[in-house]
Amino acid sequence: NSTGQTTIVGEGGTTTTSVQQGLVKAWCKFDGEAGSIANADSFNVSGLTDNGTGDYTIAIDNDMANDDYATTCNGSEQVMSPLNASNTLAGSVRIYSKNLSDSNVDAQEVGVQITGDLA
């Protein structure tokens, strides 16, 4: 329609789903153990920063509308999402990979998904 909003009728025809709200807005997969980390594959991610052992920053190419988006992480270690609000910005998110003893550790495989509103 003219507003740019697209909705899909759900199963049974009684509900609708907003395509814009239901999509992952940015994602990436990388090897956190590599000497120089780089995306193996990604969408809407402009870069990665290795801040130290198990400490990574993901730069979002097209910024989110604000810092109130959701971040989901997984990896070969116990990967944690941002531990506090100061680690989530409209243009980046900082994540930590921790082992079961709560110590930072580089993870071989790290996957990050970001959902929310784009700017």
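Using label points projected 7 Å from each Cα along Cα→Cβ, tell me how many nm separate Val9 and Asp63, to one decimal.
Going by the 7 Å Cα→Cβ label model, 4.0 nm.
Quick one: net charge of Arg94's neighbours, Cβ under 12 Å, K/R +1, D/E -1? Don't skip to the answer; put the middle values down first.
Values: positive: none; negative: Asp50, Asp55, Asp67.
Around Arg94, the surrounding residues sum to -3.
Out of residues 5 or more away from Thr7 or on other chains, whose amide H comes under 5 Å of its own, with H placed 1.01 Å from N in the peptide plane?
Answer set, sorted by chain and number: Val19.
Which whole-number percent of Cα pairs in the chain have a distance greater than 20 Å? Each step should come with its number before you reach the end.
Details: 3178 of 7021 pairs.
That tail contains 45 percent of the Cα-Cα pairs.
So, in nm, how far is label Met80 from label Thr53 when the simple model puts each one 7 Å beyond its Cα toward the Cβ?
It works out to 1.5 nm between the two label points.
Tell me, what is the percent relative contact order of the chain, built from C-alpha pairs under 8 Å that lie six or more residues apart?
Worked out over the chain, it gives 28 percent.
Residue separation times 0.36 nm, minus the C-alpha to C-alpha distance between Ala40 and Val24: what's the value?
Numbers: separation 16, 0.36 × 16 = 5.76 nm, distance 1.76 nm.
Length gained, Ala40 through Val24: 4.0 nm.
Only the coordinates and a few stated rules stand behind these numbers; no lab work does. Predicted model, so just to flag it, every value in this text is computed and none were measured. No Cβ is skipped: glycine too gets one built from the backbone with ideal geometry, and neighbour counts run over all protein chains shown.
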